[in-house]
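Only the coordinates and a few stated rules stand behind these numbers; no lab work does. Remember, predicted model here, so these are calculated numbers, not experimental data. Quick reminder, even Gly has a Cβ in these numbers, built from the backbone with ideal geometry, and neighbours come from all protein chains shown.
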Amino acid sequence: MDDILCESRTVNKTLAIINTSGLIYTYPGGREPSLVDVSLTIEKGDYVILTGPSGCGKTTLCRCLNGLIPHFYSGKLEGEIKVASLTVSEHSIYELAKHVGLVFQNPENQLFALSVEKDVAFGLENLGVPREDMRARVDWALQMTGIYDLRERAPHELSGGQQQRVAIACVLAMKPDIMVLDEPTSFLDPLGAQKIFEVIGDLNKKLGITVILVEHRLDLASKYANHVIVMDEGKVVLDGKPLDVFDSESARLIGVGIPKATRLYQALRQSGVYLNRVPVNSQEATLLLQEVLTRDRG
Amino acid sequence: MIEVKDVYFTYPNNVEALKGVSLNIRKGDFVAIMGQNGAGKTTLVKHFNGLLKPTKGTVTVNGVDTREESVAKLSRGIGFVFQNPDNQLFCETVEEEVAFALRNFGFEDKIIQKRVEWAINLLGLAKHRQSSPFMLSGGERKRVALASVLAWNPDVVILDEPTIGQDYQQKEKLRQFIVQLNAQGKTVVVVTHDVEFVAECNPRVVLMAQGEIVVDGDAKHVLTNAKLVTEASIVPPQISQIFMGLTDLGLPFDIIDVYEARDILLDFLGGDL
């Protein structure tokens, strides 16, 4: 069933921006591998949600994408991983950082400068970007994330949601092809989280940045994604379109937090009421229900 | 049990975090305190065990004014699990961590051993008992913090953002666990943003905004009030969002549970067949 699901997603390898095959990784001192035979393809412009139970290998996989594994974490890496046409094991973190930006769960771990714009400029200084160019890129990144007005404020004085936007701006200023965000909204209130998902959605749509979002709260996040990967015990167990993945039996068994809209669809199906499609968010569910409810009435 | 009367609280930097809050928590209540970042939720619950004392107004716990009691004494009855477990963990092993407060409260060794065993198993930490809390994942550290509080069996358990960093399965376990604690007569106060989690627990909800309580009622009524929840930076639960779009058909909008939703839809369809 899952194999079928994996194959039903037609993958165009020529559009691949990330490609791993047979990836196996064991942390130094680890008894068992944290990644087990991970093979996947992510296309340029994809918005991927990467989910699965804690300890399933999500963060470890993210670390492979920007070269933290194997360059910073030693341990044993087998298989191949290519990101933006670069073989990760053959290129330094510094080189990969130009293509892959990483945003963490807690922005406090990532921000340290005295003003927002200095924080955003920091990565560019490290890359040796010329001064005039830097100014333009910092302003652009601040505008794209909606925090231009906060540029002179101290990051630690801002709200959690604003801080997370600063963290995203820092990464965006580097103009990465790929942005990897590891649970970027877990400390935020729901509206704050929604704004972050919108900012990320915008970057994906308008700038074509490939997004890989590690997330448990699928109710809020799934609106924007076109590709969902579920991991369990180091393996990729589901890989496909959101509606196929959320409606699969194994997603329920692994304990993925399937959106309520999809769960309602499933509960109705069990009782013999079929909606035309699998909804993954509330707007879709409302429309599909309106169809069924008015049709059966008329 | 906990009585908050017209409480104001101003931090030393002059930020007025609570502006006239009144709230009554009875024994056996299950209360979720919700609201946007900075609404005053954590400030409020820190008054329950005397960590903060009101600038104006009173907080009484079991009839005792918190200003006249030490935090140590109040904590015996009120266990507080912080938002960030790293603020509360410091021992070298999980076992020592869970035993720490029990030692402080002067329990006998035999009882300590028993309680530690009980709490560690309850939270599924048995295989980590000899690990350093700092080697564990965020979700696991959170459970260690919870175990160390439950070990001394307080009457009231306060959990500040318990679902952060927990995956769906752990959340589900946590939910069952909290509901069970509550059923055993414990008073449970949860501070949270997690709307879907609250929708599934169905507690009494106290919604805060800018240092004030905006509304206090059952989850179903509070969370389906689109205007209020939006003001408090919260998004209504997905099921209620779906039903808000179906009111034209004469369906109710105040639904938060998947199975209740299903039954209503089946009824609606069935009635016409």
- line: Within chain B, excluding any chymotrypsin sites (Phe, Trp or Tyr not before Pro) found in a DSSP loop (not H, G, I, E or B) and having at most 16 other Cβ atoms within 10 Å, the longest uninterrupted segment runs B:106-252
statement: The simple spin-label model distance between B:Asp254 and B:Lys127, using points 7 Å out along Cα→Cβ, in nm, is 4.6 nm
- prompt: Which of A:His71, A:His216 comes first, and how do the rest follow, when ranked by fewest Cβ neighbours within 10 Å?
  reply: A:His71, A:His216
task: Give, as ranges by residue number, the residues of region B:152-172 whose backbone N falls under 16 Å from the point 7 Å along Cα→Cβ of A:Ser250.
output: none
message: Looking only at chain A, where both bridge partners belong to it, what percent of the DSSP beta bridges are antiparallel (to the nearest 5)?
response: 55 percent
task: Could you please rank B:His128, A:His91, B:His193, A:His156, placing first whichever residue has the fewest other Cβ atoms within 10 Å of its Cβ?
output: A:His156, A:His91, B:His128, B:His193
statement: Taking the alpha-carbon centre of each part, the distance from region B:87-143 to region A:45-91 in Å is 34 Å
- line: Counted neighbours (other Cβ, 10 Å), sorted fewest up, put B:Cys91, B:Cys201, A:Cys64 in the order B:Cys91, B:Cys201, A:Cys64
- prompt: If you take every DSSP beta bridge whose two residues both sit in region B:2-236, what share of them, in percent to the nearest 5, is antiparallel?
  reply: 55 percent
message: With n ≥ 4 as the cut-off for DSSP H runs, can you work out [θ] at 222 nm for chain A, using -39500 (n - 2.57) per run divided by the number of residues, rounded to the nearest 500?
response: -11500 deg cm²/dmol
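To the nearest 0.05, what FRET efficiency results for B:Ser70 and B:Glu16 with a Förster distance of 35 Å applied to their C-beta separation?
Efficiency for this residue pair is about 0.85.
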statement: Per the rule of 0.36 nm per residue minus the C-alpha distance, extending A:Arg131 to A:Glu78 adds in nm 15.0 nm
- line: Checked against a 22 Å limit on the C-alpha separation, the offending pairs among B:Lys73/B:Lys186; A:Lys260/B:Lys220; B:Lys73/B:Lys127 are B:Lys73/B:Lys127
field: For region A:223-298 and region B:1-74, distance of Cα centres in Å
entry: 42 Å
- prompt: Which pairs in the list A:Lys223/B:Lys173; B:Lys27/B:Lys173; A:Lys175/B:Lys142; A:Lys44/A:Lys195; A:Lys76/B:Lys173; A:Lys206/B:Lys173 are over 30 Å apart, alpha-carbon to alpha-carbon?
  reply: A:Lys175/B:Lys142; A:Lys76/B:Lys173; A:Lys206/B:Lys173
query: How much length, in nm to one decimal, is gained on full extension between A:Glu90 and A:Glu198, taken as 0.36 nm per residue of separation minus their Cα-Cα distance?
result: 35.4 nm
- prompt: Roughly how big is the protein assembly as shown's charge dipole about its Cα centre, with Cβ charges of +1 (Lys, Arg) and -1 (Asp, Glu), in debye to the nearest 20?
  reply: 600 debye
- request: Name the residues whose placed amide hydrogens come within less than 5 Å of the amide hydrogen of B:Met208, ignoring near sequence neighbours (fewer than 5 apart) on the same chain.
  value: B:Met34, B:Gly35, B:Val214
- prompt: Which is the longest stretch in chain B that no exposed loop site breaks, taking sites as GluC sites (Glu not before Pro) with a DSSP loop state and at most 13 other Cβ atoms within 10 Å?
  reply: B:109-273
